[in-house]
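Beneath this line is the structure, given in structure tokens, with notes to follow.
The values are calculated or read from the model by the stated rules, or taken from the named source; none is laboratory data. Values in this document were obtained by computation on a predicted structure and should not be read as measured data. Heads up, the Cβs are rebuilt from the backbone with ideal geometry, glycines too, and the neighbour counts pull from every protein chain shown. Quick note on the areas: whole protein, heavy atoms, side chains included, nothing else; ligands and nucleic acids left out. Shrake-Rupley method; radii C 1.70, N 1.55, O 1.52, S 1.80 Å.
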Amino acid sequence: MDVTVGLRNVGSHCSISEMDDYDLSRLLDKPRLNVERQRSFDERSLSELSIGLTRGCFDDTYSPGGRSGLDTPASSMRNSFEPHPMVADAWEALRKSLVSFRGQPVGTIAAIDHQSEEVLNYDQVFVRDFVPSALAFLMNGEPDIVKNFLLKTLHLQGWEKRVDRFKLGEGVMPASFKVLHDPDRKTDTLIADFGESAIGRVAPVDSGFWWIILLRAYTKSTGDITLAETPDCQKGMRLILTLCLSEGFDTFPTLLCADGCCMIDRRMGVYGYPIEIQALFFMALRCALVMLKHDAEGKECIDLIVKRLHALSYHMRSYFWLDFQQLNGIYRYKTEEYSHTAVNKFNVIPDSIPEWLFDFMPTRGGYFVGNVSPARMDFRWFALGNCVAILSSLATPDQSMAIMDLIEARWDELVGEMPLKICYPAIESHEWQIVTGCDPKNTRWSYHNGGSWPVLLWLLTAACIKTGRPQIARRAIELAESRLLKDGWPEYYDGKLGRYIGKQARKYQTWSIAGYLVAKMMLEDPSHLGMISLEEDKQMKPLIKRSSSWTC
């Protein structure tokens, strides 16, 4: 079998410099690196950005040359790996999912499952689902597909959005869109869904964040700054952020959200301040910060971003972080504390700590909990939020290492036989009835309720490379390769260990395919990490060191 099918030759020399402080190619042999750092634009302090930067600095964030990170020849990395036979099958399946509008590819549909009689909305292009597909095409030197997608969704953002008689905010990005082909008239028509057709009628909060993150990935990968600098893209970013940065009644810098507004798009008790949205919000803010122009409109938005980032990073690192030391502190909390000196600021009742957590929490390791709000801490572990926290540097270097320590210590629970648990643990019995509304798709250890999702493999791999732990990613990829192709690229797996193909899982799920390809290409050429990773900003370190459990 020709395992290079679907792969294009791309330039072997990387010149964009954001990640030049880490020689990631060495990570394949060394578990951790500690080298002297050089600051890139993305990691320059927010205090510098808040007083304004010259256009020259903005231009420095991009370099022509096509690839995304380190000065590492791609060919040398690729030659050190024997391509797996299923790579060619994955590329073939990914290309079959492409959708065209007026002759131009604009995205990939969610799934091509010929065995399923119910199409539902799996024949649509989802913004969040397309991200791993987009990264795969960027890594393969095919940026035009990604550019077309960015422009098409930007066009849809400008549409008037109504659910029943209520008008949505101007900056809301669609959850998905569909291309209708009329062969008789030879015309193509777009139909977008902003939540008015979705299950539960919830608008996507994450679509706008993923769009900004993908715009930066495109720019980092291609060195093409012209797209991000167009008036339409500048306006699109400002509209998305205006929805999130407006002042109101909330006393927290985190973003208040409804259930079902993100990848977990059904009722699962993630309403309030879910970790996934906060991590994506943080990452989108940092990406926008280096792409917004310093004109009058852009400067106003930049000032708001800088203030929010400082507050958000402190809040998340302080109150969402949980490790053994923190857990012991919460276990001993006093309640009904009043005034600025309160230790238990959110009035969390120690009796609300679930029993499973005491055995789950290792002495060494930690993670960002699922949610924090008045009298409520959702102690569940969520994969996407914690991986994005590492990639965006919302997590400090110590916290990033602690998250990886936790994954290693609790491998069976979080990875099992098919990477990766979307959340842990599952909710069941009476609690399941109340929280999910008896949703038959979200029974315990299935779908969003503790199911295993192969798409998360790319996020895990990126986090592993950034933290210098590629051996974890390699082990997870080998697990996926043992079954994914044989099982027909399912959407998700069921069971405590992820042993069973999901009871309602679609086959040939596009982001399962793309997630595998991105993980493989990133591990074989770690320079790709630069398009989806941000280095820590030294000015956002928390004033308090919450714990040192990772050094125990």
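Pairs are defined by a Cβ separation below 9 Å, a sequence spacing of at least 6 or placement on different chains, a first member in segment 89-102 that is more than 13 Å from Gln509 (Cβ to Cβ) and touching a residue at least 60 places away in the same chain (Cβ under 8 Å), and a second member that is in a helix (DSSP H, G or I) and aliphatic (A, V, I, L, M); the pairs so defined are Asp89/Ile513; Trp91/Ala136; Trp91/Ile513; Trp91/Leu517.
Among the residues of segment 157-179 satisfying the criterion of being over 18 Å from Leu241 (Cβ atoms) and modelled with pLDDT of 95 or more, which is surrounded by the fewest Cβ atoms within 10 Å (Cβ to Cβ)?
Lys178
One residue stands out in segment 443-476 among those that are among the aliphatic types (A, V, I, L, M) and over 30 Å from Arg267 (Cβ atoms): the one that is farthest from the chain's Cα centre (by Cα), namely Ile472. Quick check on Thr510: is it modelled with pLDDT of 95 or more and over 22 Å from Thr396 (Cβ atoms)? Answer is yes for this residue. Whether any residue in segment 216-231 is buried (at least 23 other Cβ atoms within 10 Å of the Cβ) and under 21 Å from Ala311 (Cα atoms) is what I want to check. Checking segment 216-231: not a single residue is buried (at least 23 other Cβ atoms within 10 Å of the Cβ) and under 21 Å from Ala311 (Cα atoms).
Only a single criterion out of (1) in a loop (DSSP other than H, G, I, E, B); (2) at pLDDT below 95; (3) among the charged types (D, E, K, R) is not satisfied by Glu297, namely (1).
Note on segment 106-144: among residues that are β-branched (Val, Ile, Thr), in contact with a Ser or Thr (Cβ under 9 Å, 6 or more places away or on another chain) and crowded, with 22+ Cβ neighbours inside 10 Å, the one that is farthest from Arg216 (Cα to Cα) is Ile109. Among the residues making up segment 180-215, those that are of a type in the set (Asp, Glu) and either outside any loop (DSSP other than H, G, I, E, B) or touching an Asp or Glu at 6+ places or on another chain (Cβ under 9 Å) (or both) are Asp182, Asp188, Asp193, Glu196, Asp206.
Among the residues making up segment 468-500, those that are open to solvent by 50 Å² or more (accessible area, probe 1.4 Å), closer than 18 Å to Met521 by Cα and not in a loop (DSSP other than H, G, I, E, B) are Gln471, Arg474, Arg475, Glu478.
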